[in-house]
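The values are calculated or read from the model by the stated rules, or taken from the named source; none is laboratory data. Fair warning: this is a prediction, and the values are worked out from it, not measured in the lab. Positions of Cβ are generated from backbone atoms using ideal geometry, with glycine treated the same way; all protein chains shown enter the neighbour counts.
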Amino acid sequence: MNAEVCDQCGKCPSACPVTARIEGFNPRQIIAKVSLGKEEELMKSGVIWTCTSCLKCRERCPEEISPYDVILELRREAISEGFEHPASYDEAEKAVTETGVVQQPQPVRTRSRDRKDRVALGLPPAQKPKDQAKYTQAIKELKEAAD
Amino acid sequence: MAPRIGVFVCRCGINIGAYVDVPKVVEYAKTLPGVAYAEENMYTCSSDGLNKIKEAIKKHSLERVVVASCTPRTHEPLFQATCEEAGVNKYLFEMANIRDQCSWVHMKEPEKATEKAKDLVRMAVAKAALLEPGEEPEIDVNPSTLVIGGGVAGMRAALSLAEQGFTVTIVEKQKQLGGMLRTFDTLFPFNQKASEVLEPLVKQVTTNPRIRVLTESKVSSVYGFIGNFDIGVDAAGKEEKFNVGTIIVAVGAEALEPKGLYHYGEDPRIVTQAQLEEIVKVGRVDAKKIVMIQCAGARSEERPYCSRICCNEALKNALNVAAPSKEVYILYRDLQTYGIQYSKLEQETKRKGVRFLKYQAEKPPKITPETDGLNVSFYSPTVNEEMTLKADLLVLSTPLVPVTDAKELSQMLKVPLDSNGFFMEAHVKLRPIDFATDGIFVCGTAHSPKDIGESVAQALGVASRAGIPMAKKRVRTAAIMSQVDQTRCSGCGTCIDVCPYNALRKNEKGLAETIAAVCKGCGVCGATCPEKAITMHHFTDEQIQAQGLAALEED
Amino acid sequence: MKPVLVIGGGIAGIQASLDLADRGTKVHLVERTPSIGGVMAQLDKTFPTMDCSICILAPKMIECYRHLNITIHTQSEVVGLEGVVGDFNVKILEHPRSVDSAKCTGCGLCSEKCPVKKPSDFQAGLGQRKAIYLAFPQAVPLLATIDREACLWFTKGICKTCEKVCPAKAVDYEQKENTVELNVSSVIAATGFEQYNPKDIGEYGYGRYKNVLTALEFERLVCASGPTGGLLNRPSDGKVSHNIAFIQCVGSRTQTTGYPYCSASCCMYATKEAVLIKEHEPSSHVTIFYMDLRTFGKGFQGFVDRAQSYWGVKYIRGRPGEIREDPSTKDLTILYENTEIGKVEKMEVDLVVLCTAAIPHRENRKLGGVLGVELDEFGFFADKNMLTAPVESSKPGIYVCGSCHGPRDIPESVAEASATAAKAAEDAARAEVKQ
Amino acid sequence: MKVAFFPGCTAQADQIGYEASVRAIMPKLGVELAEMEGAACCGYPPYSSVSEAAWFYSSARDMAIAEGMGLPLFTLCNGCHLSFTETKHALAKDSVLKAKINEKLTREGLHYEGKAELLHVFELLHDKLGKEKIAAAVIKPLTGFRFGAHPGCHSIRPSSLGRPDDSENPHKLDDLINWTGAQAVEYPGKVDCCGSSLASVSGKTVMEIAGDKLKTVKGLALDGLVTTCPFCFKVYDNRQRAIAAAVGDRTLEVPVFYYTQLLGLAMGIGQERLGLELNQSPVDPVLARIGGA
């Protein structure tokens, strides 16, 4: 991450869907704080969890810095160092690690208030790993290796 | 019999044409006494328009030419030259400014603009009828130059002129040549040793047979005019007198001593960039946390200018002290890393880990010296928070200021200073290194703060400008000058006292006489002469009265 | 004394030529386009004096034209160079004007009658010119020229209207290109720059949104001799714009465009253009979005202070992220952050002016090859040494001035032009001694 | 042509209407959808913020399956497509990680080289099939309808990785809409985000973000908003009532369609086979008009 070359031009927050709406989230300030060595403050503050990953900042940064990727990096560090983070990340991770998919197929509500599932729509069974154990194992190992 | 006058009214595209009824003005001009011909042009200054003037002069055997267009400041020489080409003496040309002083100021009232244009044309025609041809005195130009200041600019100007074949005298205040270059250890943007630039330059200058160097010297007197300046120099105590054809001002500038700013002078841990450079030069910097503050004493009420080089100077020094074990902060308002090389320098400095924090002019950093460090507190728009840094070393980036004797020199040379005390060029855009006074030029930081390359470019520039009259060997000066009627002059000497150019002197009869080549035709002498003995050629009482009376006429 | 070759007829080339010619040196001034004058001829006014740009430039252009020591080669390019300092053999290719310069009086009747319309380069594409045209009213030399790509005779073999109407019988469809060979002592390159085309910065909508202009386009719009006669009628609907925003560093200070450097003059010309708007209509709202206000030149800070305090030009530190166009009104909304306070805001304006990067002229690489001089990584001519030899190229006897070796403003270009004249004069003097 | 079909978690779990519409139109367009046995999550949603290795493994794994089938990998989801693209770029640069991942893949009987071509909906319909094939399949042109296209962030950004459409001025979805006989209308904020990934952190913010676009579309009196991204659809369609409540505009009624549903209708395919009954936004008036057409 080349945060130190940031010109602080203010382009990233300008069209950011979150900065305009959530107090305290500003990709420019996040980059500034990283370049000032204030990563821990950011990981504590929780702002890093409010990025929508719309990628406008990554797309438009004149210095090719990508606040988005800096934020992902901070999230990974925050989680591995046990900083507080939204439960949904653990749930999603658990789901995929254990079942191979984020959500299990479920009946869906129609406009006319009844429910339809894949079978009702004539869809084949949903995709999932052939051998879940092997998938789970692989993920586990890769994660441990990374830490 | 009255001379035949031709009138050319310019539309200047729409600058005049859109507001002034040009055809009406032309028709009106035709009715004026003495006017033998009148026409309009889209652009009288275009080569097409100029040809029309020449044709008309021949076709209608015109003896006086009036152009009603823009300002004489930019266009009179052009039209005069055109008249000469067609055989009409340039002093038989008169101009009426119906743009700057008419169409531009009366855009919303076209009828009145047209009436005013008529008035201005009528006045010009009235004066034109009384114009007399003038002869321009030719002056020999002494092919030698006085360069005031032996810094990098002065030395480079001298070398180029010497290479061109002219002789040069450099007058330097200090014991040694080099000026401000001597105060630097290394030079941005490439961080090369200043001595690598300075020493070869000094050697070239001191060994050049055409260059004479007077150190510990000061110009004490300047008399004369382009081609022929009498110079007095106080050379290390003894008076030197010599004559030169041209003069180059390269006196440089000085670094501001930031007395009273950010506790400077009260605490050894607060220094200027120059002092930091001294520390770097002699050894290493112990301070772990270094904070630099830009615009210390610049871009302020007191000094409302940016000193151009301080940011890059700070970056250079930051790079030189930066180390993994140190934290270096640059507190800036607007980083002046303009152009290609300084943009690169900024990138390099950032990559090296130097931290840039903006501060706001209206909320400059507060310094609180403590035993364990200097607390630097400020609002940082970078993180949009109040911040406090504890610095072991505080470095102030101070601006360049004019040399102390700039005013004295400017009066001696009769050239102006700008509101900041730097020497002021003839025209900001197109005559950046000339003075309005012929034969005198300016380069380097005497003109305004600039880096070495920019100073050298200007130095070479003045070497060309000064080289022109010396290469031509002779110059012509304007015939707009005063003349003293010896039968009327009482020899009171008032004119001699008031002349700002020393262009009048007493002759052997004790009466005043004009030194043609020196006279700039300002007219002060004519206005003050109690005996009405002085005539201003091209602005005679008769001509001006005729113009005035014409102004009062009703058409 | 041998002549000197000056390449490029902008303000730098003009000044270098005049300095040399005035001292008695013969000069050949080679200009790519039909008229000398360069970009400065396109500008409306120049700060801080607010002189009308062409008004202070035109006399110098004419001086070049009339000077007995200067030969101007327009629509020409240097195609060959051999030899060493003091003894360069150069080849100049003069492209055909299709108009006899000896006969043409520049009356303009031909272009009045010509049926073919083309966007005018001089008007930065905002106005139109004909297939046979005068570059601009003060063009030097004031001669018509035929754009053979556009002319019906050259493309379809029909029309010939210009030939019929020309009172001077100056039109010459048969005119061939002509090669001139010269021996010169020194060469001065003053080929200038061009402006980055911001269409690739899609979030600003240039090319998609009619009311987003470049600064050069705006210079023509605000200029009395421009397509609107100086009225700020915006392109989409001709509505007079009272609410205008400038965006600095468009393409410059940007790694992703390949122009990571600062263009050095934009902060000031934007300020000048802002003041021009206020002079037109003091009640206008003018905003300049900037990153660092680069007021490093003589008189710059004072000019900006006055623009702020007297004229009420608003400066906001922040590089806008996006411009949006209202599909019906074509009004523009700028999304930006006021970085001073860290707040994102929106601003509705009539017109947006993009101050784009000054980039090397597209002909630089070619010319660099012909002259055998080095270019920097961007394509500007490389300085021999920025500090000690600021106007020397990598090859002895070939000098560079103005924005062809990096972004510069007019005064710097003029001073440098004189500097190159001095270097050429030194070469000549040495040659004299040798003989 | 034949493609390895990867609906992605969201489509196959709760956006089954989308999957249905795709399965309904593709054969008629001459595209055979081959099932990807054992395919799993692309890994982006959970792992991108947890472990890059795990993320890249999941994506590489799916690409490896397609590679094994010797077919291009066709996915319905912008997120999955970007996830695959990022992984491809990362592993092309990092041979060590690639080897480590392959070592695990062999245990599942798979191998990743990065040979499989990735196909986004735009790429398959717009670039591969193109105007002729699409237009030829249209028998009930949607003449007179005006829609706003919502490409969705991950189909256009980041351009540095090469995306299916232009980052600032995307047009492919607009073209596709126009080829059905309907008219695509430009509107401000077309390249904006739907906000969906904030759902679990700040539902209110998602509503505000999505609400802005729906208001714009409504303001222009368009017949609806069209997308191909299941995440975006989930927000604009499934949660539209909640959005209306959140932004305090109860009348905020904007029909939202998957493009494949619209195309299906234009191809004369029955509504039930296009999963249209699962759209929660007020699509009935539009359907009525089409039915009547």
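Output the residues belonging to region B:375-410 that are aliphatic (A, V, I, L, M) and closer than 30 Å to residue B:422 by Cα.
Within region B:375-410, the subset aliphatic (A, V, I, L, M) is B:376, B:383, B:387, B:389, B:391, B:393-396, B:400-401, B:403, B:406, B:409.
Within region B:375-410, B:394, B:395, B:396, B:400, B:401, B:403, B:406, B:409 qualify.
Quick test of your reading of the structure: residue A:93 fulfils all but one of (1) surrounded by 14 or more Cβ atoms within 10 Å (Cβ to Cβ); (2) over 22 Å from residue D:42 (Cα atoms). Name the failing condition by number.
Single failed check for residue A:93: (2).
Hey, can you tell me all the residues within region B:191-230 that are in a strand (DSSP E or B) and closer than 17 Å to residue B:172 by Cα?
Selection gives B:211, B:212, B:213, B:214, B:217, B:218, B:219, B:220, B:221, B:222.
Conditions first: (1) within 12 Å of chain C (Cβ to nearest Cβ); (2) in contact with a helix residue (DSSP H, G or I) (Cβ under 9 Å, 6 or more places away or on another chain); (3) at positive phi. Residue B:339 passes all but one, so which condition is the exception?
Answer for residue B:339: the failing condition is (2).
Let me confirm something: among A:59, A:39, A:141, which residue is more than 9 Å from chain D (Cβ to nearest Cβ) and touching a helix residue (DSSP H, G or I) at 6+ places or on another chain (Cβ under 8 Å)? Outline the logic, then answer.
Values: A:59 fails: more than 9 Å from chain D (Cβ to nearest Cβ); A:141 fails: more than 9 Å from chain D (Cβ to nearest Cβ).
Just a single option satisfies the conditions, and that option is A:39.
Just checking, which of C:207, C:230, C:258, C:251 is at positive phi and more than 10 Å from every other protein chain (Cβ to nearest Cβ)?
C:258
Quick one: which helices (runs of 4 or more DSSP H) lie wholly within region D:77-195 and hold at least 2 residues that are outside the structural domain of residue D:23 (by TED's automatic domain parsing) and touching a residue at least 12 places away in the same chain (Cβ under 8 Å)?
Output list reads D:130-137, D:153-156, D:172-179.
Residue pairs, Cβ under 6 Å, 6 or more apart or interchain, first in region C:406-432 and within 7 Å of chain B (Cβ to nearest Cβ), second surrounded by fewer than 24 Cβ atoms within 10 Å (Cβ to Cβ) and of a type in the set (D, E, K, R). List them.
Sorted first by the residue in region C:406-432, then by its partner, the pairs are C:410/B:429; C:411/B:429; C:426/B:163.
From C:389, C:415, grab the single residue that is closer than 15 Å to residue B:456 by Cβ and buried (at least 23 other Cβ atoms within 10 Å of the Cβ).
Being closer than 15 Å to residue B:456 by Cβ and buried (at least 23 other Cβ atoms within 10 Å of the Cβ) holds for just one of C:389, C:415, which is C:415.
When you look at residue B:47, is it under 20 Å from residue B:118 (Cα atoms), among the hydroxyl-bearing types (Ser, Thr, Tyr) and either surrounded by 21 or more Cβ atoms within 10 Å (Cβ to Cβ) or modelled with pLDDT under 95 (or both), yes or no?
Considered against the rule, which asks whether it is under 20 Å from residue B:118 (Cα atoms), among the hydroxyl-bearing types (Ser, Thr, Tyr) and either surrounded by 21 or more Cβ atoms within 10 Å (Cβ to Cβ) or modelled with pLDDT under 95 (or both), residue B:47 comes out as no.
I'd like to check something: does region D:194-211 contain any residue that is under 21 Å from residue D:80 (Cα atoms), surrounded by 22 or more Cβ atoms within 10 Å (Cβ to Cβ), away from chain C (no Cβ under 12 Å) and in contact with a strand residue (DSSP E or B) (Cβ under 7 Å, 6 or more places away or on another chain)?
no
Report, ordered by the first and then the second residue, all pairs with beta carbons closer than 7 Å, sequence separation of six or more or different chains, a first member in region C:176-187 that is closer than 20 Å to residue C:420 by Cα, and a second member that is part of a strand (DSSP E or B) and polar (S, T, N, Q).
So the pair list comes out as C:183/C:89.
Show me the helices (runs of 4 or more DSSP H) entirely contained within region B:1-118 in which 1 or more residues are more than 11 Å from chain C (Cβ to nearest Cβ) and aliphatic (A, V, I, L, M).
The helices (runs of 4 or more DSSP H) meeting that bar are B:22-30, B:47-59.
Sort out for me the helices (runs of 4 or more DSSP H) sitting completely within region D:224-293 that have 2 or more residues that are within 12 Å of chain A (Cβ to nearest Cβ).
Qualifying helices (runs of 4 or more DSSP H): D:230-233, D:240-246, D:284-292.
Contact list please: Cβ distance under 7 Å, first residue in region B:186-211 and in contact (Cβ under 8 Å) with a residue 40 or more places away in the chain, second residue surrounded by fewer than 20 Cβ atoms within 10 Å (Cβ to Cβ) and part of a loop (DSSP other than H, G, I, E, B), pairs at least six apart or on different chains.
B:197/C:388
Could you grab me the full set of residues in region A:122-138 that are more than 8 Å from chain D (Cβ to nearest Cβ) and not in a loop (DSSP other than H, G, I, E, B)?
Once the filter is applied, which keeps residues that are more than 8 Å from chain D (Cβ to nearest Cβ) and not in a loop (DSSP other than H, G, I, E, B), region A:122-138 yields A:132, A:133, A:136.
Contact list please: Cβ distance under 9 Å, first residue in region B:417-439 and in contact (Cβ under 8 Å) with a residue 24 or more places away in the chain, second residue surrounded by fewer than 23 Cβ atoms within 10 Å (Cβ to Cβ) and among the hydroxyl-bearing types (Ser, Thr, Tyr), pairs at least six apart or on different chains.
Close Cβ pairs (under 9 Å, with a partner that is surrounded by fewer than 23 Cβ atoms within 10 Å (Cβ to Cβ) and among the hydroxyl-bearing types (Ser, Thr, Tyr)) amount to B:423/B:410; B:437/B:501; B:438/B:477.
Where in region A:1-52 are there helices (runs of 4 or more DSSP H), lying fully within it, with 1 or more residues that are touching a Phe, Trp or Tyr at 6+ places or on another chain (Cβ under 8 Å), farther than 24 Å from residue A:83 by Cα and of a type in the set (S, T, N, Q)? I'd like the intermediate steps shown before the answer.
Working: elements: A:11-14, A:27-35, A:39-45.
The qualifying helices (runs of 4 or more DSSP H) are A:11-14.
Scan region A:104-121 for residues that are facing chain D (nearest Cβ under 7 Å) and over 29 Å from the mean Cα position of the chain (by Cα) and report the count.
Number of matching residues: 5.
Would you point out the residue of region B:305-323, among those that are touching a Pro at 6+ places or on another chain (Cβ under 7 Å) and outside any helix (DSSP H, G or I), that is nearest to the other protein chains (Cβ to nearest Cβ)?
Checking each candidate, the answer is B:308.
Inside region C:24-93, counting only strands (runs of 3 or more DSSP E) that do not spill past its ends, which hold 1 or more residues that are of a type in the set (Gly, Ala, Ser) and touching a Phe, Trp or Tyr at 6+ places or on another chain (Cβ under 7 Å)?
In region C:24-93, there are no strands (runs of 3 or more DSSP E) which contain 1 or more residues that are of a type in the set (Gly, Ala, Ser) and touching a Phe, Trp or Tyr at 6+ places or on another chain (Cβ under 7 Å).
Could you check, for region B:197-213, whether at least one of its residues is of a type in the set (Asp, Glu), surrounded by fewer than 17 Cβ atoms within 10 Å (Cβ to Cβ) and at pLDDT 95 or above? Quick ask: steps written out before the conclusion?
Filtering region B:197-213 down to residues of a type in the set (Asp, Glu) leaves B:199.
Checking which are surrounded by fewer than 17 Cβ atoms within 10 Å (Cβ to Cβ) leaves us with B:199.
If we keep only those that are at pLDDT 95 or above as well, we get B:199.
So far as region B:197-213 goes, yes, one or more of its residues are of a type in the set (Asp, Glu), surrounded by fewer than 17 Cβ atoms within 10 Å (Cβ to Cβ) and at pLDDT 95 or above.
What is the residue count in region C:109-124 for residues that are part of a loop (DSSP other than H, G, I, E, B), surrounded by 16 or more Cβ atoms within 10 Å (Cβ to Cβ) and not charged (D, E, K, R)? Don't jump to the end; show me each part of the working.
Pass one, region C:109-124, residues part of a loop (DSSP other than H, G, I, E, B): C:114-116, C:120-124.
Checking which are surrounded by 16 or more Cβ atoms within 10 Å (Cβ to Cβ) leaves us with C:114, C:116, C:120-124.
Okay, now just the ones that are also not charged (D, E, K, R), so C:114, C:116, C:120, C:122-124.
Matching residues across region C:109-124 total 6.
Here is a check on your reading of the model: is residue A:5 more than 7 Å from chain C (Cβ to nearest Cβ), surrounded by fewer than 23 Cβ atoms within 10 Å (Cβ to Cβ) and either in contact with a strand residue (DSSP E or B) (Cβ under 6 Å, 6 or more places away or on another chain) or without any contact (Cβ under 8 Å) to a residue 60 or more places away in the chain (or both)?
no
Does region C:139-169 hold any residues that are at pLDDT below 95, closer than 27 Å to residue C:58 by Cα and surrounded by 13 or more Cβ atoms within 10 Å (Cβ to Cβ), and which are they?
Within region C:139-169, C:139, C:140, C:141, C:142, C:143, C:166, C:168 qualify.
Which residues, counting only those in region A:96-119, are in a loop (DSSP other than H, G, I, E, B) and surrounded by 15 or more Cβ atoms within 10 Å (Cβ to Cβ)?
Across region A:96-119, the qualifying residues are A:100, A:101, A:102, A:103, A:105, A:110, A:118.
May I ask you to list the residues in region C:156-206 that are in a loop (DSSP other than H, G, I, E, B), under 27 Å from residue C:380 (Cβ atoms) and aliphatic (A, V, I, L, M)?
C:190, C:201
Where in region C:318-412 are there strands (runs of 3 or more DSSP E), lying fully within it, with 1 or more residues that are more than 26 Å from the chain's Cα centre (by Cα)?
C:322-325, C:332-338, C:343-349
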